[in-house]
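The values are calculated or read from the model by the stated rules, or taken from the named source; none is laboratory data. Keep in mind that what you see is a predicted model, and the values were worked out from it rather than measured. So basically every Cβ, Gly included, is an ideal-geometry build from the backbone, and we count neighbours across all protein chains shown. Just the protein is used for accessible areas: all its heavy atoms, side chains included, with ligands, DNA and RNA removed. Shrake-Rupley method; radii C 1.70, N 1.55, O 1.52, S 1.80 Å.
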Amino acid sequence: AEVIPAVHIEGLVTEEAEKLAVRAMIAAAKADGQIDKDEITRIIGKLGTDTVSEAERQFVLEEMKAPLDIQGLARMASTPAQAAQIYGASLLAIHLDTEEEKRYLADLATALGLDDATVAELHRMTGAAA
């Protein structure tokens, strides 16, 4: 796969794209076995500054309770841009400071079919450690 330009990633602002990003963030937060307060703050921030609806709150709670499923998350990406969005959202959710998180991201990149150049660009764009 080729490196996805930032404009393509930023253009994915549909409700479904937002849900996919939140799913990715929650999955990444679960990678080390716990979702800490900072990760919850980042995820809730992704929902926007508007009042969170009951349906959105339920969606987040259900995703947090669901088992971690990298392959299932990867199957939700139907385009290279969506694959990049999932990986990028995952990077935004966590501080890449545990072996579990590093392994999760490596497994996620493989499941999404992202090449090393795309992964490196996503790390650069998000400011995440390589």
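Straight-line cross-link partners of Lys102 among the aspartates and glutamates, defined as a Cα under 12 Å from its Cα and at least 8 positions apart when in the same chain: Asp32. On full extension, the segment bounded by Ile40 and Ala130 gains 30.1 nm, given 0.36 nm per residue less the C-alpha separation.
Taking the protein heavy atoms of the chain in the context of the full set of protein chains, the accessible area attributed to carbon and sulfur is 54 percent at 1.4 Å.
Peptides 122-130, 102-110, 61-69 ranked from most to least packed by the mean count of surrounding Cβ atoms within 10 Å: 102-110, 122-130, 61-69. Residues of the stretch 27-47 with an amide N closer than 14 Å to a point placed 7 Å from the Cα of Ala66 along the Cα-to-Cβ direction: 27-30. Here the convex hull built on the C-alpha positions of the stretch 40-105 has a volume of 110 cubic angstrom per residue. Across the chain, the convex hull enclosing all Cα atoms gives 102 Å³ per residue.
Quick one: accessible area per residue over the chain, 1.4 Å probe, rounded to a whole number of Å²? Could the numbers behind the result be given before it?
On the way: 7340 Å² over 130 residues.
Value for the chain: 56 Å² per residue.
Scoring 52-59, 70-77 by mean Cβ neighbours within 10 Å over their residues and listing the highest first yields 70-77, 52-59.
Which length gain, in nm to one decimal place, applies between Val52 and Glu15 when the Cα-Cα distance is subtracted from 0.36 nm times their residue separation? Let's see the in-between values first.
Numbers: separation 37, 0.36 × 37 = 13.32 nm, distance 1.35 nm.
My answer for the length gained is 12.0 nm.
When only Cα pairs below 8 angstrom with a gap of at least 6 residues are kept, the chain shows a relative contact order of 39 percent.
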